[in-house]
Amino acid sequence: MFLMRLRVLSICLSCVIVLVGLMGCKASAPTSMVITPTATIDDSYPTCLEFITPGSDGNLWFTDAYRNTIAKISPKSGKVTEYNTPTSNSNPIYIAKGPDGNLWFTESNNNATPPVKKIGKMSPSTGEITEYSVPMSDPSQVFFGGLTTGPDGNMWFTSPYENKIGKISPMTGEITEYNVPFANSNPRNIIALPDGNLWFTTSNENTPTALDKISPITGDITVFNIATADANLPGITYITIGSDGNLWFTDPPNKIGKLSLVTGDVSEYNVPTENSYPLCITAGPDGNLWFSESYEGKIGKISPATDIITEYNIPNPGNYPNNAGNIGPFSITTGPDGNLWFVERVMNIICKISPKTNNITEYSIPH
């Protein structure tokens, strides 16, 4: 275990695009269409399952970037229903439940013609999708790094290559973007914390491990430069709030860490399996922190009370050679049934693990 103290730098952030109306830059007029599930899915594309989240309808919703779909799985029956996004080659990745009960997701692809950078919302009851175009300062650098619901009722997102944090109003579709104060800071995973701020990760060659927060009220950003034990890229990747009130994070290739929001102390713990490349992390209903080990086909958990890490093998993990491009288990979340649900990125499988029995069940997507 390593223990460090972070340094804090507070900077007032200003909006970098011309303001229209009240606060922020309005996106272009949204496009909306009702889509038919399953029947229009193109099965010729390979699978790349990305993020999974519980919906307001009791299902788990997830994205498939390569096949251009938003999909849901019933935790009761295991039935999967898929929906195409209206924009072709839109590469949906991040997905989150919004305060309006809809599913919100990102679409970005600089290789599409024309390049795509949109925020979409989907009604879980009707399947209707509405898309909102997000401003592009450089069409060749189009990518989202995270999406979450903010304490102010907006959906917040990151744009790593454009060095921006943005928000979209679920009520109006109005988009506001902010520059991160340091060039090339590469903002990515973003979450809301009980302190009322949005916290997000940044990393580059100069500060490979940093955590930042933005006030949804003032736009002020506070930057925390963290001297982790392995100060190399990729640095801190994904974050979540634990049952102990600490901010927990993954630090590939082999560490789980936590930041005390009270003292600023940082502690890190080695994952037993070397080079397991822990990525996504979430708080489980059992009080533990659960995370994916994308290079080794495992799911891990760490107890915030004892700091003990336990690992579980996935029954049919496929072939996950080291440095193969994060093809193993990836996004993980708590489902409405009390299980942990996660995706196997290229295996076309959705899994659940019981925090009570540690049994893992796999569901193949039928295509």
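Checking each residue in the stretch 269-286 for being surrounded by fewer than 20 Cβ atoms within 10 Å (Cβ to Cβ) and either more than 26 Å from Leu147 (Cβ to Cβ) or not small (Gly, Ala, Ser) (or both) picks out Tyr269, Asn270, Pro272, Thr273, Glu274, Asn275, Pro285, Asp286. Summed over the stretch 124-171, residues that are basic (Lys, Arg) and either part of a loop (DSSP other than H, G, I, E, B) or modelled with pLDDT under 95 (or both) total 1.
Can you name the residue in the stretch 50-71 that is charged (D, E, K, R) and over 17 Å from the mean Cα position of the chain (by Cα) and, of all such residues, is surrounded by the fewest Cβ atoms within 10 Å (Cβ to Cβ)? Applying the filter and picking the extreme gives Asp57.
Each row is one residue, and each column tells you yes or no for (1) among the aliphatic types (A, V, I, L, M); (2) in contact with a helix residue (DSSP H, G or I) (Cβ under 8 Å, 6 or more places away or on another chain); (3) assigned to a loop (DSSP other than H, G, I, E, B).
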{"site": "Ile52", "(1), (2), (3)": "yes, no, no"}
{"site": "Thr63", "(1), (2), (3)": "no, no, no"}
{"site": "Tyr66", "(1), (2), (3)": "no, no, yes"}
{"site": "Ser77", "(1), (2), (3)": "no, no, yes"}
{"site": "Glu82", "(1), (2), (3)": "no, no, no"}
{"site": "Thr87", "(1), (2), (3)": "no, no, yes"}
{"site": "Ser90", "(1), (2), (3)": "no, no, yes"}
{"site": "Gly101", "(1), (2), (3)": "no, no, yes"}
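Residues in the stretch 343-362 that are of a type in the set (D, E, K, R), under 14 Å from Phe62 (Cα atoms) and part of a strand (DSSP E or B): Glu344, Lys352. If only residues of the stretch 89-113 that are hydrophobic (A, V, I, L, M, F, W, C) and in contact with a Pro (Cβ under 7 Å, 6 or more places away or on another chain) are counted, the one that is surrounded by the fewest Cβ atoms within 10 Å (Cβ to Cβ) is Leu103.
Tally up the residues in the stretch 234-268 that are surrounded by fewer than 18 Cβ atoms within 10 Å (Cβ to Cβ) and under 26 Å from Lys356 (Cβ atoms), please. Summing the residues that are surrounded by fewer than 18 Cβ atoms within 10 Å (Cβ to Cβ) and under 26 Å from Lys356 (Cβ atoms) in the stretch 234-268 gives 3.
Scanning the stretch 141-172 for residues that are more than 14 Å from Asp100 (Cβ to Cβ), within 14 Å of the chain's Cα centre (by Cα) and not β-branched (Val, Ile, Thr) yields a total of 9.
When Lys76 is tested against (1) of a type outside the set (A, V, I, L, M); (2) in contact (Cβ under 8 Å) with a residue 40 or more places away in the chain; (3) closer than 23 Å to Pro170 by Cα, exactly one condition is not met: (3).
The values are calculated or read from the model by the stated rules, or taken from the named source; none is laboratory data. It should be emphasised that the depicted structure is a prediction, and the values quoted were computed from it without experimental measurement. Note that each Cβ is placed from the backbone with ideal geometry, even for glycine, and that neighbours are counted across all protein chains shown.
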